[in-house]
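Novice: I'd like to ask some things about the structure below.
The values are calculated or read from the model by the stated rules, or taken from the named source; none is laboratory data. Just so it is clear, the structure is predicted and the values come from calculations on it, not from any experiment. FYI the Cβ positions are ideal-geometry reconstructions off the backbone, even for glycines, and counts take in every protein chain you see.
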Amino acid sequence: MSHLSVETLVALRDPGTEPGEAAAREHLEACPLCRAEFERLHQRVARLKALPALRPSRERWPSVLNQLRAERQRRRFRTGGLAGLAAAASVALALGVSSLRPKDTGLDLAEIQQAMARSQVLESALDRIDPESRVMDGQTAGIAQELEDRIARVDRELEMTELMEQQARDAELLRLWRERVGLLDALVDVHVTHASNVGL
Amino acid sequence: MSRTIAMDSYLLADADSVVARARQGDETALEALYRAFEVPVYNLARRICRTTEDAEDVLQETFFEVCRSIRSYREEGSLWGWIRTIAASKALMRLRRNKYRETDELHEEVVGRRKDDTHLRMDLEAALERLPEVSRAVVWLHDVEGYTHDEIAGMMGRTPSFSKSQLARAHARLRRWLGEEAIV
């Protein structure tokens, strides 16, 4: 038998994984050259483990903390905004949505109510997924972040509709609630897909 | 596993209490986690990434993820094992994003072929640095951090055979560059 290849020697450190391992071990026992090479391999790995630890040259904790605080603020804003919107939606629904009632716009009141209800269903689904407690890869986190930012923008616009004329407001409300539903739908999709990809 | 659990108590004496406070969002506890694991995370990132800037970015991304996900840490394994896996994933993601060099052939194009490779004598640090990124990542994750080929394959989105062959190639190169005698 010729001498053992580097590949075989490297594999012999993980016992029981390679075909022909028994023959290779037999050769290793009998061959001083291969034993010496195997010993060098072990020494090389020991030296790798003993390399001095490298340290960052810059302090990164303040950046981590800023990033964390910014995210918390976004979340608080979003939750606060949602609570306000949900309350407004409940009152409006209880009053027969008088303040939202389309007058001459031809809009179907039921459409706004449907969009609001759908939005609440998706919010509940999102709460059940609890995305904050899951580790996401950078790309997924980026997409989720983008969607959350867009939802936050829609929420701000929804609040601003209070200042609009009745007729324009009704049309805008319907547009924004629909947009919100679309974004929430996408966000739930992102989290559900991520959870299924990582086997959760 | 036992090595990483030992690392927990070595790096952070009161890990349980710190984690409990960190889960409540206590920023002092989160910073204590950062201080305890900053160097091993950076070291791992730096051994995998091409530049110090990339490694520092990975350090930041890792701890941002640790802070926002600490509630999902289930204490089934070691804290260091959990943080280390986040760090390794972030570092490998960065390699992918930067279109890493994964083959020796491409590496040769980049650094140029050197006929006198067999006579080179580098120190281990320089030889490790000279390896293609993917090979270096596999060497570090397998030989130093103790990940299996299956685990490395999972993190890299490749097969265990890919990981094994990268490791063998890396050792062949290291042996040559370190001036160790080769078997005929």
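Novice: Report, by residue number, each residue of the range B:4-50 that is among the β-branched types (V, I, T) and within 15 Å of A:R60 (Cβ to Cβ).
Specialist: Of the residues in the range B:4-50, the ones among the β-branched types (V, I, T) are B:4-5, B:18-19, B:28, B:39, B:41, B:48.
Those that are among the β-branched types (V, I, T) and within 15 Å of A:R60 (Cβ to Cβ): B:V39, B:V41.
Novice: Right, another one. Do you know which of the residues in the range A:122-142 that are touching a Leu at 6+ places or on another chain (Cβ under 9 Å) and not in a loop (DSSP other than H, G, I, E, B) is modelled with the highest pLDDT?
Specialist: At the first step, the residues of the range A:122-142 found to be touching a Leu at 6+ places or on another chain (Cβ under 9 Å) are A:122-123, A:125-126, A:131, A:134.
From the residues that got through so far, the ones that are not in a loop (DSSP other than H, G, I, E, B) too are A:122-123, A:125-126, A:131.
Details: A:L122: 87, A:E123: 82, A:A125: 84, A:L126: 80, A:P131: 66.
By that ranking, first place goes to A:L122.
Novice: Given the structure, is B:A13 outside the structural domain of B:G157 (by TED's automatic domain parsing) and closer than 21 Å to B:H149 by Cα?
Specialist: Numbers: outside the structural domain of B:G157 (by TED's automatic domain parsing): yes; closer than 21 Å to B:H149 by Cα: no.
No, not satisfied.
Novice: When residues of the range B:31-60 are filtered for being more than 26 Å from B:R97 (Cβ to Cβ) and within 11 Å of chain A (Cβ to nearest Cβ), how many remain? Even if it seems obvious, please write down each step before you answer.
Specialist: Let us first name the residues in the range B:31-60 that are more than 26 Å from B:R97 (Cβ to Cβ), namely B:31-32, B:35-36.
Narrowing further to those that are within 11 Å of chain A (Cβ to nearest Cβ): B:31-32, B:35.
Looking only at that region, the number is 3.
Novice: For the structure I just gave you, tell me whether B:E129 is within 8 Å of chain A (Cβ to nearest Cβ) and either out of contact with any helix residue (DSSP H, G or I) (no Cβ under 9 Å at 6 or more places or on another chain) or surrounded by fewer than 17 Cβ atoms within 10 Å (Cβ to Cβ) (or both).
Specialist: Details: within 8 Å of chain A (Cβ to nearest Cβ): no; either out of contact with any helix residue (DSSP H, G or I) (no Cβ under 9 Å at 6 or more places or on another chain) or surrounded by fewer than 17 Cβ atoms within 10 Å (Cβ to Cβ) (or both): yes.
In short, no.
Novice: For the structure I just gave you, tell me whether B:L174 is more than 14 Å from the chain's Cα centre (by Cα) and closer than 13 Å to A:V6 by Cβ.
Specialist: On the way: more than 14 Å from the chain's Cα centre (by Cα): yes; closer than 13 Å to A:V6 by Cβ: yes.
It is true that B:L174 is more than 14 Å from the chain's Cα centre (by Cα) and closer than 13 Å to A:V6 by Cβ.
Novice: Let me ask another. Return only the number of the condition from (1) free of Cβ contacts under 8 Å to residues at least 60 places away in the same chain; (2) touching a helix residue (DSSP H, G or I) at 6+ places or on another chain (Cβ under 8 Å); (3) of a type in the set (D, E, K, R) that B:D26 does not satisfy.
Specialist: It fails just one condition, (2).
Novice: Here are A:P19, A:P52: which of them is within 30 Å of B:R46 (Cα to Cα), more than 8 Å from chain B (Cβ to nearest Cβ) and in a loop (DSSP other than H, G, I, E, B)?
Specialist: Working: A:P19 fails: within 30 Å of B:R46 (Cα to Cα).
It is A:P52.
Novice: Quickly run through the range A:22-44 and pick out the residues that are within 11 Å of another protein chain (Cβ to nearest Cβ), surrounded by 15 or more Cβ atoms within 10 Å (Cβ to Cβ) and touching a His at 6+ places or on another chain (Cβ under 9 Å).
Specialist: Correct list: A:C31, A:C34, A:E37, A:L41, A:R44.
Novice: Turning to a different aspect of this structure: Looking at the range B:42-64, can you tell me whether even one residue there is touching a residue at least 40 places away in the same chain (Cβ under 8 Å) and closer than 21 Å to A:Q73 by Cβ? Break it down stepwise before answering.
Specialist: The first filter runs over the range B:42-64 and keeps only residues touching a residue at least 40 places away in the same chain (Cβ under 8 Å), leaving B:44-45, B:47-50, B:54.
Right, trim to closer than 21 Å to A:Q73 by Cβ and you get none.
No, that holds for no residue.
Novice: Looking only at residues in the range A:55-71 that are part of a helix (DSSP H, G or I) and more than 7 Å from every other protein chain (Cβ to nearest Cβ), which one is farthest from B:R68 (Cα to Cα)? Break it down stepwise before answering.
Specialist: Start the filter on the range A:55-71 by keeping residues that are part of a helix (DSSP H, G or I), which leaves A:61-71.
Retained after the next criterion (residues that are more than 7 Å from every other protein chain (Cβ to nearest Cβ)): A:62, A:66, A:69-70.
On the way: A:P62: 15, A:N66: 13, A:R69: 10, A:A70: 12 Å.
The selected residue is A:P62.
Novice: So which residues in the range B:145-162 are within 11 Å of chain A (Cβ to nearest Cβ), crowded, with 17+ Cβ neighbours inside 10 Å and farther than 20 Å from B:D54 by Cα, if there are any at all?
Specialist: Matches in the range B:145-162: B:H149 only.
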